[in-house]
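A.B. asks: Before anything else, here's the structure in question.
The values are calculated or read from the model by the stated rules, or taken from the named source; none is laboratory data. Source: prediction; values computed, not measured. Quick reminder, even Gly has a Cβ in these numbers, built from the backbone with ideal geometry, and neighbours come from all protein chains shown. All accessible areas refer to the heavy atoms of the entire protein, side chains included, with ligands and DNA or RNA removed. Shrake-Rupley method; radii C 1.70, N 1.55, O 1.52, S 1.80 Å.
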Amino acid sequence: MDILSSLMDGFATALTPMNLLYALIGVLLGTAVGVLPGIGPAMTVALLLPVTSVLEPTSAFIMFAGIYYGGMFGGSTTSILLNTPGESSSVITAIEGNLMAKAGKAAQALATAAIGSFVAGTIGTALLVVFAPIVVQFAVSLGSPSYFAIMVLALLAVTAVLGSSRLRGFASLGLGLAIGLVGLDIVSGQARLTFGLPLLADGLDVVVVAVAIFAVGEALWVAAHLRRTPLQIIPVGRPFMGKQDWKRSWKPWLRGTAYGFPFGALPAGGAEIPTFLSYVTEKRLTKHPEEFGKGAIEGVAGPEAANNAAAAGTLTPMLALGLPTNATAAVMLAAFVQFGIQPGPLLFENEGPLVWALIASLFIGNFLLLLVNLPLAPVWAKLLRLPRPYLYAGILFFATLGAYSVNLQAFDLVILLVLGTLGFMMRRYGLPVLPLILGVILGPRLEKQLRQTLQLSAGDVSGLWSEPIAIVVYIIVALVLLWPLLFKAWRRARPRTAAAVAGGTVAGGPAAAGSTADRPPADGPTASDATPANHGQEKS
Amino acid sequence: MTSLSSRLKGRSELGVAALLGAVGAFVLFDAVRLVVPYSQSDPVGPKALPVIVGALLLVCAVMLAVNVVRGGHADAEAGEDVDLSHPSDWKTVLPLALAFIANILLIDWAGWVISGTVLFWGSVWALGSRHYVRDGLISLALALLTFYGFYLGLGIALPAGLLEGIL
């Protein structure tokens, strides 16, 4: 299959007026929900699932792609203008971005974020075009044992690497897997965890679970701690950049992209680590070190590019392997299933036109974001002034509507409330949400691969490691699980170097990178004991 | 008793451990209850994953309890609109939950237009808005718009309930 001609066909599909309109709706909606607190792209896609079931799958995914990139863009706008980042991936952008805004350079900060997002998103999508087919070629040769191993790796990596507390991550994963078990077992037809209720026999609808945990849980949580004093929003005009700003931005954009894409494409994806690495790198390489801590443009350009490149990278395992590593990708995977499309390596073969139209629409969406959002920045800033009672009442209203319209039964709303309360509790006690959602979505698929594997080996457990790739993946799993112990041992052996490195760079590893994220990284090792709760959480 | 209650003070996270334990125990119990004849085509059977998940939850419950008793605690999630300096405000959350429950009870009988209006109006009130008339009009408009939007645009007929025939 010729990639280029497939991509051109994809553009032909995506550029029809109707699909272009859906892409535009997608980016506008995505940016709006990215800007608004309490609501994000994953939840928006989940809410739209029942509504989009009347559309062509291609149009629906073109819209979802717009929401995905738009949400990323909106998140950075909020973090620059408010300094209270809603998602972990824009924490780093918020550091210098908000300082720039306070110093009267909001327009430049927004411009470098927007143009950097465009550059990184476009390069990231191009890399996706190159790498996804290669991954597919490699993946079609894999059997159930390897898939099972890769899924185990993705679940464990997201649980153990992201977030502040591994223990609480695993608790969340366990709850998610348990929710995924509800319903009739596909193979044997046995009812599991149904409490004898026939309404639970089909299992819990992913839309209902996602909306409950993301939307209802968030609305209840914010209601319990609603900020009574209005936030300080920095007024902004039309974003623009001077010659000097361009000169200082383009290298950080490219370096940020180089960090972001590979991290996003890994099974433990996520944008925290690459944005952090990008920040540290720019701080070290800058010709204006005196500006760091007062609003340096490099500190916005690099991390923001890394963030968007990571978002593009995440789509590689999602499209090529059917393996989501962030919340939005997880819900998009659920959308594939709803449209009767089997995700996995055969996706490119079976649904080639759809996938290539989706990828083409990522390029288009990126371009639309740049075109639409530079002039619209002041409008988005106004959106932040929406009275909070209306915002959160609206979230509950549309959550109810979305969940109810799946099956038109009030019982789903009871589940929505019960799981919403669970979502509230998870936020109160620092349980990350992402492992739960991935557990719900990947759990049943994991079980299917496990059963296929042992069916092939006629019940022999060694069937699990009957493929070389599976063995490699299990070794990586072991490393991921043992990493904190290894790191501790290493630090004990060489206390001084380790402490110095942990404050500044890579070797601090995911754990240190995450925990220093909420404060300027210059705070160093002391910060790594604190555990800011929202990291590892992506606004959903 | 006083020493026990003082030791438990500020340790509400133990409730999370208890919940994890309860869910884990239930998952295990439910799995044990399954009877499956051994089948060549499905050697794993429907029991294996529930047993693993139940065990995982029980282990997490115990470890979390130990962690909390030793003084470990998680930080609540921050956010743009979240102010963690004051404790949970139940005077907002409970009316909000009541508005939600009212909608569940009303939706099939009174129909979406009425129950949705109640839901939005009640939520806005719970969250602190006191523009009764304006909020009421917005609520009604939203409910009507979504009702007709879903019916005409998507072909999904939300329940009309009491207003059957009028709408």
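A.B. asks: Tell me which residues come under 5 Å, amide H to amide H, from A:Arg192 once H is placed; ignore anything under 5 positions away on its chain.
C.D. replies: A:Gly183, A:Leu184, A:Asp185
A.B. asks: Contour minus end-to-end for B:Val69 and B:Leu34, with contour as 0.36 nm per residue of separation and end-to-end as the Cα-Cα distance? Display every interim value, and only then the final one.
C.D. replies: Working: separation 35, 0.36 × 35 = 12.60 nm, distance 3.56 nm.
Gain in length upon complete extension: 9.0 nm.
A.B. asks: Largest first, please: the extent of the C-alpha atoms of the range B:9-69 along each principal axis, to the nearest Å.
C.D. replies: Its Cα atoms span 53, 16, 9 Å along the three principal axes.
A.B. asks: For B:Gly111, which sequence-distant residues (separation of 5 or more, or a different chain) have an amide H within less than 5 Å of its own amide H, given hydrogens modelled in the peptide plane?
C.D. replies: Residues meeting the amide H criterion: B:Leu162.
A.B. asks: Could you give me the ³J(HN,Hα) list for the range B:81-87, computed from phi with Karplus coefficients 6.51, -1.76, 1.60 and θ = phi - 60°, whole Hz, x at Gly and Pro?
C.D. replies: Taking θ as phi minus 60°, the curve returns 9, 9, 10, 7, 6, 10, x Hz for the range B:81-87.
A.B. asks: Now, a different point. Sort B:Arg70, A:Arg168, B:Arg33, A:Arg385 by accessible area with a 1.4 Å probe, largest first. Walk me through the numbers before you get to the answer.
C.D. replies: Working: B:Arg70 205, A:Arg168 10, B:Arg33 120, A:Arg385 145 Å².
Listed by decreasing accessible area, they come as B:Arg70, A:Arg385, B:Arg33, A:Arg168.
A.B. asks: Using only the Cα atoms, work out Rg/Rh for the range B:90-163, with Rh taken as the Kirkwood radius, to two decimals.
C.D. replies: 1.01
A.B. asks: To the nearest 10 square angstrom, how much accessible area does A:Leu386 have with a 1.4 angstrom probe?
C.D. replies: Solvent-accessible area, nearest 10 Å²: 60 Å².
A.B. asks: Using the Karplus curve 6.51 cos²θ - 1.76 cosθ + 1.60 with θ = phi - 60°, what ³J(HN,Hα) values do you get for each residue of the range A:44-60, in whole Hz, with x for Gly and Pro?
C.D. replies: Running phi through 6.51 cos²θ - 1.76 cosθ + 1.60 with θ = phi - 60° gives 5, 4, 4, 5, 7, 3, x, 5, 7, 5, 7, 7, 4, x, 4, 4, 4 Hz.
A.B. asks: A further question follows. Keeping all protein chains in place, calculate the accessible area per residue for chain A (probe 1.4 angstrom), answer in Å².
C.D. replies: 35
A.B. asks: Still on this model: Averaging over all projection directions, find the projected area of the Cα convex hull of the protein assembly as shown and quote it in nm² with one decimal place.
C.D. replies: 32.1
A.B. asks: Roughly how big is the A-B contact, given as buried accessible area in Å² (both sides, 1.4 Å probe, nearest 100)?
C.D. replies: 6900
A.B. asks: Another one. Restricting to Cα atoms and excluding each atom paired with itself, what does the Kirkwood estimate give for chain B in Å?
C.D. replies: 20.9
A.B. asks: At 1.4 Å probe size, put B:Tyr148, A:Tyr392 in order of accessible surface, largest to smallest.
C.D. replies: My answer, sorted largest first, is B:Tyr148, A:Tyr392.
A.B. asks: In whole Hz, with x marking every Gly and Pro, tabulate ³J(HN,Hα) for the range A:150-156 from phi via Karplus 6.51 cos²θ - 1.76 cosθ + 1.60, θ = phi - 60°.
C.D. replies: Per-residue couplings from phi come out as 5, 5, 4, 4, 4, 4, 5 Hz.
A.B. asks: Past 31 Å, Cα to Cα, is the threshold; run A:Lys102/A:Lys488; A:Lys251/A:Lys488; A:Lys243/A:Lys294; A:Lys488/B:Lys47; A:Lys243/A:Lys283; A:Lys294/A:Lys488 against it and keep the listed order.
C.D. replies: Check vs 31 Å cut-off fails for A:Lys102/A:Lys488; A:Lys251/A:Lys488; A:Lys488/B:Lys47; A:Lys294/A:Lys488.
A.B. asks: Listed highest first by mean packing, meaning other Cβ atoms within 10 Å per residue, what order do A:41-53, A:144-156 come in?
C.D. replies: Ranked from most to least packed, the peptides come out as A:41-53, A:144-156.
A.B. asks: Let me ask something else about it. Taking only DSSP H segments of four or more residues, each worth -39500 (n - 2.57), what value at 222 nm results for chain A once the sum is divided by all its residues, to the nearest 500 deg cm²/dmol?
C.D. replies: So the calculated ellipticity at 222 nm is -23500 deg cm²/dmol.
A.B. asks: Right, something else. If I take every Cα pair under 8 Å that is 6 or more residues apart in the range B:88-167, average their sequence separation and divide by the length, what percent do I get for the relative contact order?
C.D. replies: Relative contact order for the range B:88-167 comes out at 35 percent.
A.B. asks: Here's another thing I want to ask about it. To the nearest 0.05, what FRET efficiency results for A:Leu481 and A:Val461 with a Förster distance of 30 Å applied to their C-beta separation? Walk me through the numbers before you get to the answer.
C.D. replies: On the way: r = 20 Å, r/R0 = 0.65.
Efficiency for this residue pair is about 0.95.
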